[in-house]
Amino acid sequence: APALRLPPAAARLDFRFAAISLGKPERMQVYYRLEGVDAQWQNAGTMRHAAYGNLAPGDYRFSVKAVSADGVWNEQGASLAFRVEPGFTQTPWFYLLCAGGIALAGYGLYLLRMRQVIARLNALLGARLLERERIARALHDNLLQSVQALALRLGKLSDTLPEHSAVKANMLTLLGDAET
């Protein structure tokens, strides 16, 4: 495991290295590679540094090897392992929190929409109920008025019948029932 840990979102990493040669150091070739970024070894030429920017979180290994002017390779080379730590926005917890926030927002919008639909249905049902009550009052008033008119006409008609007749007695009983 890499011992060196870099902070999240390290903007730029500069690697400086040296290749020592007792004879003709200018002809010494140096190659480097950052595993996970470089697919092949990079020729540094006479430069003795490498720079990388915006590395994603993860484990890396920077390796350097050299070849002398005589063509002798240093196959072992030198390497440095390190880890770039993820920032909070790059962690699984952040994605879970975002998903939870989106789910809560969606549920809140759903509840809001359901309240709107229920309010609209209640308004429609209230309007229908008021209309039915108005119709019922109108029918009741019309029916009561018709029964009253009928009772008055029957009362007037009963006045024309003889005093002790069976028809007049039945008619007075009906008028009494209509008044209650």
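Just to confirm a number: summing +1 for Lys and Arg and -1 for Asp and Glu over residues other than Leu175 whose beta-carbon lies under 13 angstrom from that of Leu175, what do you get? Spelling it out: positives minus negatives among the neighbours equals 0.
Applying the criteria of a DSSP loop state and at most 13 other Cβ atoms within 10 Å to the GluC sites (Glu not before Pro) of segment 68-147 yields Glu75. Here's the list of lysines a cross-link from Lys156 could span, going by alpha-carbon distance under 21 Å and ignoring same-chain residues fewer than 8 apart: Lys168.
Under 17 Å from a label point set 7 Å out along the Cα-to-Cβ vector of Leu125, the amide N atoms of segment 79-117 belong to 114-117. For Leu152, neighbours were defined as the other residues whose beta-carbon sits under 14 Å from its Cβ, and their charges (Lys and Arg +1, Asp and Glu -1) total 0.
In the full protein context, the chain carries 76 Å² of accessible surface per residue, based on a 1.4 Å probe and ignoring ligands, DNA and RNA. Between Tyr52 and Thr89, the C-beta separation translates, for a Förster distance of 25 Å, into a calculated FRET efficiency of about 0.75. Computed over the chain, relative contact order equals 19 percent, with contacts defined as Cα pairs under 8 Å that lie 6+ residues apart.
Taking packing as the residue-averaged number of other Cβ atoms within 10 angstrom, the listed peptides 62-69, 170-177 run from highest to lowest as 62-69, 170-177. Each peptide in 34-40, 96-102 was scored by the mean count of other Cβ atoms within 10 Å over its residues; highest first, the order is 34-40, 96-102. Roughly what angle does helix 92-159 make with the longest principal axis of the chain, taking Cα atoms, 0 to 90 degrees, to the nearest 10? The angle comes out at about 10 degrees. When the chain is treated as a GNM with alpha-carbon contacts under 10 Å, the residue of Leu143, Leu112, Leu129 showing the greatest mean-square fluctuation is Leu143. Each other residue within a Cβ distance under 15 Å of Ala9 adds +1 if Lys or Arg and -1 if Asp or Glu, for a net charge of +2. Applying both filters, DSSP loop and at most 16 other Cβ atoms within 10 Å, to the trypsin sites (Lys or Arg not before Pro) of segment 1-61 gives Arg48.
Approximating the spin labels as points 7 Å out from Cα along Cα→Cβ, the Ile118-to-Val37 distance works out to 5.7 nm. Protection proxy ranking for 83-95, 157-169, using the average of other Cβ atoms within 10 Å per residue and placing the highest first: 83-95, 157-169.
Between Thr173 and Arg134, residue separation times 0.36 nm minus the direct Cα-Cα distance comes to 10.8 nm.
The values are calculated or read from the model by the stated rules, or taken from the named source; none is laboratory data. Just so we're clear, the structure is a prediction, and the values are computed from it rather than from any experiment. Virtual Cβ from ideal backbone geometry, glycine too; neighbours counted across all protein chains shown. For the accessible areas, the whole protein counts, side chains as well, though only heavy atoms, and no ligand, DNA or RNA atoms are used. Shrake-Rupley method; radii C 1.70, N 1.55, O 1.52, S 1.80 Å.
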